Each structure stands twice: as structure tokens, then as C-alpha cells.
Amino acid sequence: MVAVAAPELNLKGGRFKPLSYAELTPEQKAYADKELAAGRSPTGGPFNIYLRSPEYAELSAPLSNYLRFKSPMPRKLKEIATMLTARFWGGQYVWYSHRQQALDAGLSPAFISATAAGERPASMTADEAVVYDFCSELLATRQVGDATFKAFVDRLGERAVVELVSLMGHYHGTTALFAVDRYPLPNGAKSEIEKPM
């Protein structure tokens, strides 16, 4: 019989103490083993937070994956919703972790800088503008007016309303968890959103 070394998790956290593999309950180990076998890195992101409720992590993953990667809305529009939700919360880690994803998806550095400053970007495509306006209005007023709703639906459809608002809901929860944990930014990472909207 060959002894297998326990995986090195190298977790990060604030209030949620980074756990070692030896400290995990059987349920936490099952979740960690499955994530590691799938090639996911535990060193960043919500891994350490999700260990507190592996059942929640397991149940929420398919929905998160659908909203983030499989729903038909273009990725850059999803990133606008994600960045605005992070900005709303003053969510440094979610902002940091999605900044490069937003650039890779086609959002301009000027768009991201304006959003970080709490300003409406000066130059947007029509699709970017309807998503920005829809999300901003929803976050600011907890409602969307008829004109904003119509402009969004006319360009992207009713399905996009349901899936975009659901994506924002996902990031409300995720960003709030990082905030409650006081999850740290990586060493050397710049804090771009000093205060919530």
C-alpha cells in the first residue's frame, strides 16, 4: 500500500480561517477532492468560504456555471453586470478577479476605469449601454423603469432580463460573502473601488 500525501490547499481567507486538508470534515474533504480532481485551484476565490457549506457549493455550482458560461448573452455584457454588482458592494476581490476577465471579454480599459470611479462610461456600444443602464438603475433604485426595460428587451430579449438579473443575484451573494469574510486581495493588487456606489 502506497501512502498518498494530503493535498496542499494554500487557502486564503479573512474571518474564515484558511483550513488545511487535515482539518476538513468528511463532507468538506469530499467537496475539496471533487474540486481538485476537476482541476480547480483552491488558492483563490470562494473555495475557503464554500468549505463552510459544501452542500451549498455543490448545489450552486451548476447554476453559476450556466449563468456565467453557458447562457447565450455575450460574455462582455455579463461582465458589465458582474462589475457593477461588485462596484455596488465595494467588493474589492470580485472586482479584482473580474477586471481581467472583463478586458478579455472585450470591455475597454476606459469603460472599466469609468465604472471604477462610479461614472457612466463615455463610449459604449448600444448593447453595452442598455446593460449598463439597466443594471445601474436596478442597483440604484431597486426597480427598472418602463423605458429602461423596453430598451433592454428590444435589444436583448426577455430571456436576457431573467438571466442577467439572476447573474447579478449570484454576484450579490458571492460579493457579500467576500465582504463578510474580509477576504484579502493578493499581495500587490491595487484597490480600485474604495467605497460602494
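The values are calculated or read from the model by the stated rules, or taken from the named source; none is laboratory data. What you see is a predicted model; the values in this text were computed from it and never measured. Here Cβ is always computed from backbone atoms with ideal geometry, including for glycine, and neighbour counts include all displayed protein chains. Please note that ligands, DNA and RNA were not included when accessible areas were found on the heavy atoms of the full protein model with its side chains. Shrake-Rupley method; radii C 1.70, N 1.55, O 1.52, S 1.80 Å.
Counting only residues that are in a helix (DSSP H, G or I) and of a type in the set (Gly, Ala, Ser), which one in the stretch 78-90 is surrounded by the fewest Cβ atoms within 10 Å (Cβ to Cβ)?
The qualifying residue surrounded by the fewest Cβ atoms within 10 Å (Cβ to Cβ) is ALA81.
Of all residues in the stretch 142-159, which are open to solvent by 80 Å² or more (accessible area, probe 1.4 Å) and either under 21 Å from LEU107 (Cα atoms) or within 20 Å of the chain's Cα centre (by Cα) (or both)?
ARG142, ARG155
In this structure, does GLU27 turn out to be touching a residue at least 12 places away in the same chain (Cβ under 8 Å) and outside any helix (DSSP H, G or I)?
Considered against the rule, which asks whether it is touching a residue at least 12 places away in the same chain (Cβ under 8 Å) and outside any helix (DSSP H, G or I), GLU27 comes out as no.
Can you tell me which residue among ARG75, ARG68, ARG15 is surrounded by fewer than 20 Cβ atoms within 10 Å (Cβ to Cβ) and closer than 15 Å to LEU177 by Cβ?
Of ARG75, ARG68, ARG15, the one residue that is surrounded by fewer than 20 Cβ atoms within 10 Å (Cβ to Cβ) and closer than 15 Å to LEU177 by Cβ is ARG15.
For every residue, the table says whether it meets (1) under 15 Å from the mean Cα position of the chain (by Cα); (2) part of a helix (DSSP H, G or I); (3) polar (S, T, N, Q).
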{"residue": "LEU107", "(1), (2), (3)": "no, no, no"}
{"residue": "ALA110", "(1), (2), (3)": "no, yes, no"}
{"residue": "ALA140", "(1), (2), (3)": "no, yes, no"}
{"residue": "VAL161", "(1), (2), (3)": "no, yes, no"}
{"residue": "LEU164", "(1), (2), (3)": "yes, yes, no"}
{"residue": "MET168", "(1), (2), (3)": "yes, yes, no"}
{"residue": "THR175", "(1), (2), (3)": "yes, yes, yes"}
{"residue": "TYR183", "(1), (2), (3)": "yes, no, no"}
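Can ALA61 be described as open to solvent by less than 50 Å² (accessible area, probe 1.4 Å), more than 15 Å from ALA176 (Cα to Cα) and in contact (Cβ under 8 Å) with a residue 24 or more places away in the chain?
No: the conditions fail for ALA61.
From the list ARG68, ARG40, exactly one residue is touching a residue at least 12 places away in the same chain (Cβ under 8 Å) and of a type in the set (D, E, K, R). Which is it?
ARG68 is the lone residue from the list that is touching a residue at least 12 places away in the same chain (Cβ under 8 Å) and of a type in the set (D, E, K, R).
Under 7 Å between Cβ atoms, at least 6 apart or on separate chains: pull out the pairs that start in the stretch 125-143 with a residue that is farther than 13 Å from MET83 by Cα and end on any residue that is in a helix (DSSP H, G or I) and at pLDDT below 95.
Close Cβ pairs satisfying both conditions: none exist.
Give the residue, chosen from GLU35, GLU8, that is farther than 26 Å from ALA102 by Cα and of a type in the set (D, E, K, R).
Criteria check complete, one pass: GLU8.
Tally time: how many residues in the stretch 18-47 are surrounded by 13 or more Cβ atoms within 10 Å (Cβ to Cβ), hydrophobic (A, V, I, L, M, F, W, C) and under 14 Å from GLU58 (Cα atoms)?
4
How about the stretch 115-128: which of its residues are open to solvent by less than 20 Å² (accessible area, probe 1.4 Å), under 24 Å from VAL161 (Cβ atoms) and either basic (Lys, Arg) or assigned to a helix (DSSP H, G or I) (or both)?
THR115, GLU128
Filter the stretch 91-100 down to residues that are in contact (Cβ under 8 Å) with a residue 24 or more places away in the chain and assigned to a helix (DSSP H, G or I) and give me whichever is nearest to the chain's Cα centre (by Cα).
VAL94
Among the residues of the stretch 118-169, count how many are in contact with an Asp or Glu (Cβ under 9 Å, 6 or more places away or on another chain) and basic (Lys, Arg).
Qualifying residue count, the stretch 118-169: 2.
Can you find a residue that is basic (Lys, Arg) and touching a residue at least 40 places away in the same chain (Cβ under 8 Å) anywhere in the stretch 106-120?
Scanning the stretch 106-120, I find no residue that is basic (Lys, Arg) and touching a residue at least 40 places away in the same chain (Cβ under 8 Å), so the answer is no.
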